[in-house]
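Working notes, structure below.
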Amino acid sequence: MKPSNQQNIKILGITVFVLIVLNALGSLFFHRFDLTKDKRYTLSETSLQIVKQVKNPLSIKIYMQGDLPADFRRLQQETKQLLEEFQAYNKNIVFEFVNPLENGEESMDVVKSLYQKGMTPINITVDDKGKQSQAMVFPWAVAVYDNKEVNIPLLKNIMGASTTKKVIGSIQHLEYSIADAINKITKAKQKKVAIIKGNGEINEVHIAKMLMQIRESYYIGPFTLDSVAQNPNGTLDALKKYDLAIISKPTQTFTDEEKQVLDQFIMNGGKTLWLIDQVAADMDSLYNQAGATLAYPRDLNLNDMFFKYGFRINPDLVKDEQGSPIKLATGEQGSATQYQDFVWKFAPQVYPTSKHPIVKNLGGIRFDFASPIDTLKNGIKKTVLLQSSQYSKTIGTPSEINLNSVTEQTSPQEYVNKGNLPLSVLLEGSFHSAFENRVLPFKENSFQSKGKPNKMIVIADGDLARNQLDKNMMPVELGYDQRTGNLYDNKDFIMNCINYLLDDTGLINIRSKDVDLPLLDKEKVYENYTLTQFITIGLPILILLVFGLVFTYLRKRKYSK
């Protein structure tokens, strides 16, 4: 055998041996490399823990396939790459992309079924070098696990943003959307949420969307304080079995016995979410012939409790130049009523400035007749989650609220040193009882004057969690304003509050993850379209052609001798 053949066999043997060793090591050690600057494909520890919960086959069907606009092709590709990461850590996760509009005759039945499941398509205008066309896209996925099903929204609705910016924002939330859905259908419910009743709280149909969202992750049940009058200790013992109490827009005064029950629930570690209207005013009372209503302070007999915990909700209204849009009739033309858009300053449109995980990366949140919150020094940590804009001020009550105020003229000088009013505050620490060193309304052997480390969130607007009703008196999406068609981030904010209070902070941290996605300047592309085409398509082909010619020439020159 020639030495050259022996050398080739030796190299081949070494190569095969190295490949076998690498394959063996690869089966023993698992690691994936993410070369992106922002580590967008590196799953967080929370996502990895959620993936471990998947013990049985989990199927995900993504309704984004076919001829998609460029922005949605990017969303499709990012979704695919992220799902591949989930699948790499757990082979029980399988996914497929389908085109709901693929079969012309059957597509309408598919679209109807998706509608019924709450997955609504979006119609977008595609602009290609000045040529516009319409396209229908279903930015949704469905996860199925052990006969349970959950919808996964892939497109985040960012109010006022272009389609491109919505897609960028959606890519930032992809990991959260997928991990949250998997967590909902694989994790056994553990925490319990009580919806407090008995003091004129908001009707269930008006918080139905919030309740439905909570029910996906936690046990939930109504808890009436009426029994306090007959059996206060028994009521307190029953309430202690819950982890969180939500008090949503009470309108009737709390008795001292009811307050003691809530107070001792807090002292024993129970979390609370307060949605309080300190002023009686609502939009429905404005739609009358006069177009006016009287806003007046509402006494709920909770001020002493709040003061002891470290905050105060003032009986004033916040008037903000950054208000929400409202449509009002301005006259008639022929037989049709004419409507015009105005800014309703008593419905602040709040954009979070805090970097706290509860509000980070959230869009606009709509308030309605909100009141300012004062924080007091008492050793409790306070974090302002939401505040009005710098061009806002307080209006004392009682005061007349008139729809004609939308036409008033204002100047920035009116708001000097008056704005940035706290509207939602997180309180964390060991609270002191409101009944410390006081005669107790009812005898309680286990009374605690100082509680365990705890947290509560106060929102100075009882309507923030209120959903509107459609013509059939069915609840619409929380945060959706039917009058203007705007969708606010009220639902995400409320759910972040609940998750944080119940220590489900992992998912919130995923939502707060920053992903840096550079935007393509379409105007520059259009201006240099031919040059761009040549650089991206023609130049690589030209380089390959030159290389081929040079290689052929050198080869002929070498072997022609």
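Taking amide hydrogens as placed 1.01 Å from N in the peptide plane, the amide H of Phe223 sits under 5 Å from those of Ile195, Ile196, Lys197, each at least 5 positions away in sequence or on another chain. Using a probe of 1.4 Å, the accessible surface attributed to Leu545 totals some 100 Å² when neighbouring protein chains are kept in position.
For region 229-323, the list of trypsin sites (Lys or Arg not before Pro) that fall in a loop by DSSP and count at most 14 other C-beta atoms within 10 angstrom reads Lys241. For a straight C-alpha distance cut-off of 14 angstrom, the aspartates and glutamates reachable from Lys360 (same-chain residues fewer than eight places away being disregarded) are Asp489, Asp492, Asp514.
Pairs with C-alpha atoms separated by more than 30 Å, drawn from the list Lys187/Lys209; Lys148/Lys355; Lys166/Lys189; Lys165/Lys191, are Lys148/Lys355; Lys166/Lys189; Lys165/Lys191.
For region 445-456, 3J(HN,Hα) computed residue by residue from phi via the Karplus equation (6.51, -1.76, 1.60; θ = phi - 60°) reads 5, 9, 4, 10, 7, 10, x, 6, x, 8, 8, 8 Hz, glycine and proline entered as x. The per residue volume of the convex hull around the alpha-carbon atoms of region 377-500 is 225 Å³. Checking every one of the trypsin sites (Lys or Arg not before Pro) in region 359-443 against DSSP loop status and a limit of 11 other Cβ atoms within 10 Å picks out Lys377, Lys443. What whole-number distance in Å separates the alpha-carbon centres of region 61-107 and region 181-243? Taking the Cα centre of each part, region 61-107 and region 181-243 sit 37 Å apart.
According to the calculation over all Cα-Cα pairs in region 313-403, the P(r) per 10 Å bin from zero is 15, 36, 29, 14, 5, 1, 0 %. Quick check on the chain: helices-only [θ] at 222 nm, where DSSP H runs of length 4 and up contribute -39,500 (n - 2.57) each and the sum goes over total residues. Nearest 500, please. The helix contribution divided over the chain gives -9500 deg cm²/dmol.
How large is the accessible surface per residue of the chain, computed with a 1.4 Å probe and reported in Å² as a whole number?
53 Å²
Measure off, as a whole percent, the carbon and sulfur share of the 1.4 Å-probe accessible area of the chain, all protein chains present. Answer for the chain is 52 percent, counting heavy atoms of protein chains only. Mind giving me the FRET efficiency for Glu84 and Gln7? R0 is 30 Å, r the Cβ-Cβ distance, nearest 0.05 is fine. According to the calculation, E is roughly 0.15. Under 13 Å Cα to Cα from Lys327, which aspartates and glutamates show up? Leave out anything in the same chain fewer than 8 places away. By straight Cα distance, Lys327 reaches Asp341, Asp481.
Please compute, over every Cα-Cα pair in region 117-272, the percentage with a separation greater than 23 angstrom. Looking at region 117-272, the distances longer than 23 Å represent 56 percent of pairs. The C-alpha atoms of the chain define a longest principal axis, and helix 539-559 lies at about 20 degrees to it. Kirkwood hydrodynamic radius computed over region 302-365 comes to 15.4 Å, based on all pairs of distinct alpha carbons. Could you give the dipole magnitude of the chain about its Cα centre, charging the beta-carbon of Lys and Arg +1 and that of Asp and Glu -1, in debye to the nearest 20? Rounded to the nearest 20 debye, it is 3080 debye.
To the nearest 10 degrees, how steeply does helix 163-172 sit against the main Cα axis of the chain, on a 0 to 90 scale? Helix 163-172 sits at roughly 90 degrees to that axis. Each Cα pair under 8 Å and six or more residues apart adds its sequence gap; the mean of these over the residue count of the chain is a relative contact order of 13 percent. Looking at region 131-196, what % of the alpha carbon pairs are farther apart than 18 Å? Of all Cα-Cα pairs in region 131-196, 54 percent lie more than 18 Å apart. For the Cα trace of region 269-342, dividing Rg by the Kirkwood Rh returns an Rg/Rh value of 1.15.
Entry for region 234-320 at q = 0.20, 0.21 Å⁻¹: log10 I(q)/I(0) = -0.99, -1.06, Debye formula applied to identical alpha-carbon scatterers, no solvent contribution. The alpha carbon radius of gyration of the chain, expressed as a multiple of 2.2 N^0.38 Å, is 1.23.
Since only Pro315, Val51, Ser405 are under comparison, the one whose Cα sits farthest along the positive direction of the charge dipole of the chain, derived from C-beta charges on Lys, Arg, Asp and Glu, is Val51.
Each Cα pair under 8 Å and six or more residues apart adds its separation to the average, and for region 209-347 the resulting relative contact order is 17 percent. Exposed loop sites are taken as chymotrypsin sites (Phe, Trp or Tyr not before Pro) in a DSSP loop (any state but H, G, I, E or B) with at most 14 other beta carbon atoms within 10 Å; the longest stretch of the chain without one runs 288-561.
The values are calculated or read from the model by the stated rules, or taken from the named source; none is laboratory data. Since the model is a prediction, treat every value here as computed from it, not as a measurement. No Cβ is skipped: glycine too gets one built from the backbone with ideal geometry, and neighbour counts run over all protein chains shown. For the accessible areas, the whole protein counts, side chains as well, though only heavy atoms, and no ligand, DNA or RNA atoms are used. Shrake-Rupley method; radii C 1.70, N 1.55, O 1.52, S 1.80 Å.
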